[in-house]
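Quick notes on the structure that follows.
The values are calculated or read from the model by the stated rules, or taken from the named source; none is laboratory data. No experiment lies behind these values; they were computed from the predicted model shown. Here the Cβ positions follow ideal geometry from the backbone for every residue, glycine too, while neighbour counts run over all protein chains shown.
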Amino acid sequence: MNRIVILIPLVNMVGAVAIYFYFSFIMPAHEIAADIPGYFSPSFAAVGTAVLCLLGILSFRRSLRSIFDVAFDKIRIHSLEESEIYHLQREALKFPMVVAVISFMIWILAGFIFGFLEPLIAARIFNVQTPELVFCIRRFLGISLLGGGITSMILYFVMENKWRSYIPNFFPEGHLNRVKHVFKLSVSKRFLIVFLSIILIPLPIMGMTIYASIREMSMSDAITRSHIMDSLVWELGFISLYLLAIVLILAYFLSKSILVPLLGIKRAIKDVENNNLDTRVKILSNDEFGDVAEGFNLMINSLKESQKLRKSFGKYVSKEIRDEILAGNPSLEGEMKRATLLFADLRNFTGLVEKNHPEQVVKIINQYFNEMTLAVEEHKGLVLQYVGDEIEAAFGVPIGFDDHPEMAVKAALEMRARLALLNKKLEQDGFEPLAHGIGIHSGAVLAGNIGSTERMSYGLVGDTVNSASRIEGLTKDYGCDIILSQTTYNLLTGSYNMVQLAPVKVKGKKDELIVYKLLS
């Protein structure tokens, strides 16, 4: 609060000191009547300044008091009525411009008081000749334009720069552009105003100065003309240096008003690159940078929702299938591929259901599925579906791997090891251990998204799938937990401890199958 309150009179005071210096030391002294006592001008300046300050305080207090409570966290914006919120938001967006306009109006009044009123009062009180109109106009233009115009413009950029940090208190959720019919200064207009002001404001002042000097020289002798020329050089030099300083100040604040939001957007982009989707860009203005910041925040929200959807979707399908669907690539047409199928089925699942509460059954079965899924995914396998207590997994689809039989066998051994650890935990909790049978077979499959245009699932079709399911069923007959086909056995390159079982005929097959029991 102190910064905002202090900056308004401070900037105006700097402008007033510069103008006082110009009229007291730069403007020709001979234009002021010599009969006027030296105390009059300072006394009149003190009284006039006091009146102007009082008017300024009353104007600012009446216009801006309502928004300070929200700006400085004395009142939360959400605690107010909707109509009052909208009103305060409009006032907050107008604040820098209101300050600048009020300040400029007071400077114009100061130009009238010190440019016209002071010479007339002095002439009446001290019975001196009324100064020429050119002299009054020069003072009026110097105070109102050179002093007020430049000072008010600087005040606007200074206040806007400081006020931006308070804007989020009025717009906690952003959306500054939802406030309609409010002052908005675009970036292009900022540059245009500053450019035209620096060029146009000095023109009438310098024009009147040159005109007055030429007019005086035409009625003076050679010595006086020389003094007038020297005075003219000093005046024009002061105005030029004054404007140069103003240009540097305005350039600084103008660049800062552009650089600060750009750096905020740059930091947010860096955060997004680092996968931090909780970052946000502060929306500090209702110009193009505010639009970009709001659009960037909406983009981050969209990315966060997509990431959330992606993670949630990945719990129902594998990440490979998820990425394919989210990329918009699903097709109802299948693709022939070589793959290895793995079927795993729990034993005595019916007894597990009968002996335990349904909530406990769901908890146990989820623990089992979680461990088995981790084993499959650890060896680059894909869990296609869970059907009751059965798991169907594939290796080599949709991403092809030459060693898919090896991957399936290693995954089966991992499943065995994980089940042993899970059984120890179940026994500690008072539950009976689980047992399962795993069947593995390799061959050609038709892989693709199967279903309708409205609902699809990734699946495999073919004799290889049926054979793998039949082989899994043989684990009951042979009393073992892992059996693989002759085809898979022939494709293995690693060293495994296996025992060939007796050839067996299964449903749907004319020839007997040669299968192997996997020991280790």
Notebook entry, point to check: On the given criteria, is Ile113 among the hydrophobic types (A, V, I, L, M, F, W, C), surrounded by fewer than 19 Cβ atoms within 10 Å (Cβ to Cβ) and under 28 Å from Pro204 (Cα atoms)?
Noted result: no
Check: Are any residues in the range 453-505 under 23 Å from Gly396 (Cβ atoms), of a type in the set (A, V, I, L, M, F, W, C) and outside any helix (DSSP H, G or I), and if so, which ones?
Finding: Met456, Leu460, Val461, Ile482, Ile483, Leu484, Leu492, Met498
Item checked: Conditions (1) at pLDDT below 85; (2) β-branched (Val, Ile, Thr); (3) not in a helix (DSSP H, G or I): number failed by Thr340 -> (1)
Checklist line | Residue in the range 420-437 that is surrounded by 15 or more Cβ atoms within 10 Å (Cβ to Cβ) and free of Cβ contacts under 8 Å to residues at least 12 places away in the same chain present | finding: yes
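Condition check ((1) among the small types (Gly, Ala, Ser); (2) modelled with pLDDT of 85 or more; (3) outside any helix (DSSP H, G or I)) across all residues:
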position	(1), (2), (3)
Phe157	no, yes, no
Gly174	yes, no, yes
Val182	no, no, yes
Arg215	no, no, no
Ser231	yes, no, no
Leu241	no, yes, no
Ser255	yes, yes, no
Ile265	no, yes, no
Note to self: Being farther than 19 Å from Asp291 by Cβ, touching a residue at least 40 places away in the same chain (Cβ under 8 Å) and either of a type outside the set (S, T, N, Q) or not assigned by TED's automatic domain parsing to the domain that holds Met27 (or both): is that true of Pro204 here?
What the structure shows: yes
Notebook entry, point to check: List the pairs whose first member sits in the range 103-131 and is free of Cβ contacts under 8 Å to residues at least 24 places away in the same chain, whose second member is β-branched (Val, Ile, Thr) and surrounded by 13 or more Cβ atoms within 10 Å (Cβ to Cβ), and whose Cβ atoms are under 8 Å apart, counting only residues at least 6 apart or on separate chains?
Noted result: Pro119/Thr130; Leu120/Thr130
Next item on the list: Would you be able to tell me the number of residues in the range 286-300 that are over 8 Å from the mean Cα position of the chain (by Cα) and either of a type in the set (S, T, N, Q) or assigned by TED's automatic domain parsing to the domain that holds Ile167 (or both)?
Entry: 1
Check: Name the residues in the range 270-298 that are without any contact (Cβ under 8 Å) to a residue 24 or more places away in the chain, surrounded by 14 or more Cβ atoms within 10 Å (Cβ to Cβ) and of a type outside the set (Ser, Thr, Tyr), would you?
Finding: Asp271, Arg280, Val281
